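Below you'll find the structure, written out as structure tokens, and then a few comments.
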Amino acid sequence: MKVLALLAAGAMLASAQSPFNQLVDQYFNEHFEFAPSEATSDGFHQYDSKLEDYSERSIRAEVAMDRKYLAKFESIPRSDDRDLMLSRIRAELLATDDIRSWERDPDGYSSGVTASIFSLISREFAPPEARLKSVIAREKLIPRVFVEARANLKNPPRIYTEVALEQLPGIESFFQSDVPDAFSDVKDRRLLAEFKSANAAVISALRSYQQFLKTDLLPRSHGDFRIGAENYRKKLLYEEMVDIPLDRLLKIGYDDLHRNQRELAAVAKQIDATKTPQQIAEDLEKDHPAPDQLLQSFRDTFSSLKDFIQSKHIIKIPPAPAPTVEETPPFMRALTTASMDTPGPYEKVSTEAFFNVTLPGKNWPARRIQQFMTAFNRGTIVSTAIHEAYPGHYVQLLWFKQAPSKVRKLTMCGSNVEGWAHYTEQMMLDEGYGNHDPKLRLGQLLDALLRNCRYIVGIEMHTGKMTYKQGIDFFEKQGYMSRDYAERETKRGTSDPTYLVYTLGKLEILKLRHDYHENAGAAFNLEQFHDDFVKQGGIPIKIIRKQMLGNDSPAL
């Protein structure tokens, strides 16, 4: 037995040192030099004192690096992981060379450097003194970023500049309060003095950048946010491995929208047959907790969700503490209402996860707070907790740590990650969670309509068939949303063109489950299906279909 174990270990070592794996290591070693903040988030802390170089010279150097590795991976025999690397690199080149957000999005600079610092303070992967040294090192490089931003930005879309301006007060507050508070236990006076100086310089640079955006860039922000049909097609192909023509993709989206609208109308009749679906939706949206009770409302869902998953054998949950529910970081608040922040796949020390929820601004007028809170009705709170935590992103990403290769640990696509989380919202109610409460189903369907609208508006706006205002109207009328919520979602779509991935991935998973069930027949087991799906990692569903079905049949 000992001999067999040694042989197995030797085989694993040989595999780890294969030419392909060596090339993967070389690629990520070079990639992280250009993306040190990403490395920190993934759990590679040798990059913690470095910051992205936002200069055009550095961007060009990264493009050259990507092209070099594209050619190298193209020369290697085909495999699923090799195809993943090719898609990953092509997606990066598309973003840098063709879509060129570095020339068009001023928020990419201010929110980008904020995320870099947040990744150092949000998890205690090292003693506070060590992390503070890394914060200081990065903060000293931040003022230069805004010099590069001024040089790079060329005629951005007005809405991009407006979003950046909307985010900046929260970002300034983050550096004024959150960052110093994170190191309140540090006693080293020399270190604290160095931090105070570096942090003050960052705040000054942010204020100067805000003034630049307001008085210089905003008046000349006349660019088009649309990426165009060809870039849209390539983005889906490279990031999601989806090659369905856009007109057929659009029809699939409209068909699902209408299907969910019909189901919502039927559920609304169960609740009150005298009212329209829109009126029922408006009534449901008024049934939300007070803003100061919102975080606790999410925490209160965890026990019942976990108990249901385990008793009904929905999916195995790897052992781990529940995620911490907290307010969304400042640099994310303008465009998101809830999100899950999990430790990177290579993080060994600080393995806690954070369930971020965006709260209304403390100084907002009452009407704006009321409009904002419609996104958190009690049915949607359950649906969101399923999506973000159990058995959505949190459970999914616990499994991803077991992914079989470095490529699969570090490469994820939205139609898998967001598709799974969106799929679970419907699946949990289908399996009986909530005892078939029609108000919970209505909340789930409203979330489904939100994702249907994202799907359609994203394609239509970025291919020039829908204006920004028409996008807001579409969310409001077809998704039964408040005007404020509809505008927030449309605004997100200007810079997140493929936020169709929620519905797209959900439909792909439902079709995979149907095909898997047909193959298994009476032996079909839902828990086994879910376990087999998530253990593949966050890779395109096209590849997972080959693994689970043994064929190349269409994903949709």
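The values are calculated or read from the model by the stated rules, or taken from the named source; none is laboratory data. As the structure is a prediction and not an experimental result, all values here were calculated from the model. Counting neighbours? That spans all protein chains shown, and the Cβs are built from the backbone with ideal geometry, glycine included.
Here ALA403, ALA421, ALA448 are screened, and the one residue that is modelled with pLDDT under 95 and among the aliphatic types (A, V, I, L, M) is ALA403.
Between SER184, SER208, SER173, SER177, the distinction of being modelled with pLDDT under 95, over 24 Å from the mean Cα position of the chain (by Cα) and part of a helix (DSSP H, G or I) belongs to SER177 only.
Within the range 222-248, residues that are within 27 Å of ARG408 (Cα to Cα) and at pLDDT 95 or above reach partners that are part of a loop (DSSP other than H, G, I, E, B) and of a type in the set (Gly, Ala, Ser) with beta carbons closer than 8 Å, at six or more positions or on different chains, in the pairs VAL242/ALA555.
Suppose we filter the range 497-552 for residues that are acidic (Asp, Glu) and in contact (Cβ under 8 Å) with a residue 40 or more places away in the chain; how many remain? Walk me through it before giving the result.
Just the residues of the range 497-552 that are acidic (Asp, Glu), to begin with: 508, 515, 518, 527, 531-532, 552.
Those still in the list that are in contact (Cβ under 8 Å) with a residue 40 or more places away in the chain too: 508, 527, 531.
Number of matching residues: 3.
The helices (runs of 4 or more DSSP H) located wholly in the range 500-554 that include 3 or more residues which are touching a Gly at 6+ places or on another chain (Cβ under 7 Å) occupy 501-520.
Residues checked against (1) buried (at least 19 other Cβ atoms within 10 Å of the Cβ); (2) in contact with a helix residue (DSSP H, G or I) (Cβ under 7 Å, 6 or more places away or on another chain); (3) of a type outside the set (Ser, Thr, Tyr):
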residue	(1), (2), (3)
GLN470	no, no, yes
PHE474	yes, yes, yes
GLU489	yes, yes, yes
THR494	yes, yes, no
GLN528	no, no, yes
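From the list VAL147, VAL179, which residue is buried (at least 18 other Cβ atoms within 10 Å of the Cβ) and outside the structural domain of THR336 (by TED's automatic domain parsing)?
On the way: VAL147 fails: buried (at least 18 other Cβ atoms within 10 Å of the Cβ).
Sole residue among the options that is buried (at least 18 other Cβ atoms within 10 Å of the Cβ) and outside the structural domain of THR336 (by TED's automatic domain parsing): VAL179.
Inclusion of ALA281 among residues that are touching a residue at least 40 places away in the same chain (Cβ under 8 Å), in contact with a Lys or Arg (Cβ under 8 Å, 6 or more places away or on another chain), crowded, with 18+ Cβ neighbours inside 10 Å and in the same structural domain as CYS413 (by TED's automatic domain parsing) is not warranted. For the range 32-58, a residue qualifies if it is crowded, with 20+ Cβ neighbours inside 10 Å and under 22 Å from ASN152 (Cα atoms), and the qualifying residues are PRO36, SER37, LYS50, LEU51, GLU52, TYR54.
Beta carbons closer than 8 Å, at least 6 apart along the sequence or on distinct chains, pair a first residue in the range 290-306 that is in the same structural domain as ASN377 (by TED's automatic domain parsing) with a second that is of a type in the set (Lys, Arg) and part of a helix (DSSP H, G or I) for SER297/ARG378.
Filtering LYS133, LYS72, LYS68 for residues that are within 30 Å of TYR209 (Cα to Cα), over 19 Å from the mean Cα position of the chain (by Cα) and surrounded by fewer than 23 Cβ atoms within 10 Å (Cβ to Cβ) leaves a single hit, LYS133. Screening the candidates GLU139, GLU129, GLU148 for the property of being assigned to a helix (DSSP H, G or I), at pLDDT 95 or above, acidic (Asp, Glu) and touching an Asp or Glu at 6+ places or on another chain (Cβ under 7 Å) yields one hit, GLU129. With the condition kept exactly as written, say whether any residue in the range 90-98 is crowded, with 18+ Cβ neighbours inside 10 Å, within 30 Å of LEU217 (Cβ to Cβ) and in contact with a Pro (Cβ under 8 Å, 6 or more places away or on another chain). Looking through the range 90-98, none of the residues is crowded, with 18+ Cβ neighbours inside 10 Å, within 30 Å of LEU217 (Cβ to Cβ) and in contact with a Pro (Cβ under 8 Å, 6 or more places away or on another chain).
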